[in-house]
Amino acid sequence: MNEISTKGKLILGLQHVLAMFGATVLVPFLTGLNPSVALLCAGIGTLIFHFCTKKIVPVFLGSSFAFIGAISLVLKEEGIASVKGGIISAGLIYVIMSYLVKIYGIEKIKSFFPPIIVGPIIVVIGLRLSPTAISMSGYSNGHFDIKSFIVALVVVISMVFFSSVGKSFFRLIPILISVTIGYIISIFMGLVDFTPILQANWIGFSNDAITSITTLPKFSLTSVLAIAPIALVVFIEHIGDITTNGAVVGKDFFKNPGISRTLLGDGLATIAAGFLGGPANTTYGENTGVLAVTKVYDPFILRIAACYAIILSFIGKFGVILQTIPSPVMGGISVILFGMIASIGMRTLIESKLDFSLSRNLLISSLILVLGIGIDNIVIWKTVSLSGLAIAAIVGIILNKIFPDVD
């Protein structure tokens, strides 16, 4: 592929912003935190991550869904100061874990994640997100909302078309084009409410955002015990996300820059978010999906997206415009992106040439798929829960070590 111009990179960066925006601002909406601060933390966190990982891993960091329950509870009972203390503590756990990984070496860690584990886990990551994509597209109780279905269908068709138009530049920005088309159609169908745009300020944070940023953190026992241990659970998901990203790009990020550095990047980004009053940061599968669609893996484009996020956090009206993008539009995009992730997992299994005539491989992969997709979350202690993905990964890792590896 020819060298992409600066203008092209700026447009591709905007596409990554669109991919991460919905999920990043959804977490603060669900927990009671400020969306503008979350957007600011996502941008700063991404730049911190790239600095820690030698600027070679094309990853975007956004708000983590794993912390929603704990943050909501602590915010309600103890306020934003205690939430900040808990999130900072979670970031410190990431940092400690990155140090342990560095001590014991990458090969020791990689031995726990052979293709028979990695492939099914990547499939699970994509398929676990698929109900969300279909729901956003207007599906509920066995029926589709006609307007939502039409919008989502047009977006999907647009994505397919513009992703396959030869060597045209349009092939690099199918998401941006599809979102624009979907938004225009949504306006004509009456699915866009312009009231929030008219009421929003052009520049600056709201009073709630300023309060969130300036409040000093409080390290109460309750907040630390409720929020910090979740980092131990998210560790496995981080491994899966970095593995998926490496599979898409075609590079082994376990070796260079090393999983210890990616964990450190996540940890320092989460600590920064904690001091500012945003949710904990995590690597985003949505942006990995964008990489898979565009096949443009330049990490600099992700840093452009991070700068966009920081700038947009200060521009009230523009942020609200993105928030008015109807759910069916993002649902259509998500159908493609989440499916791409699952397909990459299947590609990993095919390229590794695993022999599925062996009972060992069938048992490990089947348990990972069923547990990972079938289980939502299991509460293991108060507000600390274990996701189906984490459970599936743990079971797969244990079985891989117990069962003999017969060639």
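No lab work stands behind these numbers, since they all come straight from the coordinates. Keep in mind the model is a prediction, meaning the values are calculated, not measured. Heads up, the Cβs are rebuilt from the backbone with ideal geometry, glycines too, and the neighbour counts pull from every protein chain shown.
Computed 3J(HN,Hα) for segment 196-202, one whole-Hz value per residue from the Karplus formula 6.51 cos²θ - 1.76 cosθ + 1.60 where θ = phi - 60°, is x, 5, 5, 7, 6, 6, 6, glycine and proline marked x.
When both segment 124-145 and segment 325-360 are represented by their alpha-carbon centers, they are found 15 Å apart. Only lysines eight or more places from LYS76 in sequence, or on another chain, were considered; those with a Cα closer than 22 Å are LYS84, LYS218, LYS382.
In whole percent, what relative contact order does segment 6-402 give with Cα contacts below 8 Å and a gap of six or more residues?
That works out to 37 percent.
Across segment 258-339, the relative contact order, built from alpha-carbon pairs under 8 Å that are at least six residues apart, equals 25 percent.
Helical content alone sets the calculated 222 nm signal of the chain at -23000 deg cm²/dmol, taking -39,500 (n - 2.57) per DSSP H segment of four or more residues and averaging over every residue. Packing, taken as the mean count of other beta carbons within 10 Å per residue, orders the peptides 267-279, 218-230, 283-295 from highest to lowest as 267-279, 283-295, 218-230. Run down the aspartates and glutamates and flag those whose C-alpha is under 19 Å from the C-alpha of LYS251, throwing out any fewer than 8 positions away in its chain. Within reach: GLU107, GLU237, ASP241, GLU286, ASP298, GLU351.
Ranked highest first by average number of other Cβ atoms within 10 Å, how do 321-329, 133-141 line up?
321-329, 133-141
Straight-distance candidates among the lysines for linking to LYS255, with alpha-carbon spacing under 19 Å and chain neighbours fewer than 8 residues away dropped: LYS54, LYS55, LYS102, LYS108, LYS110.
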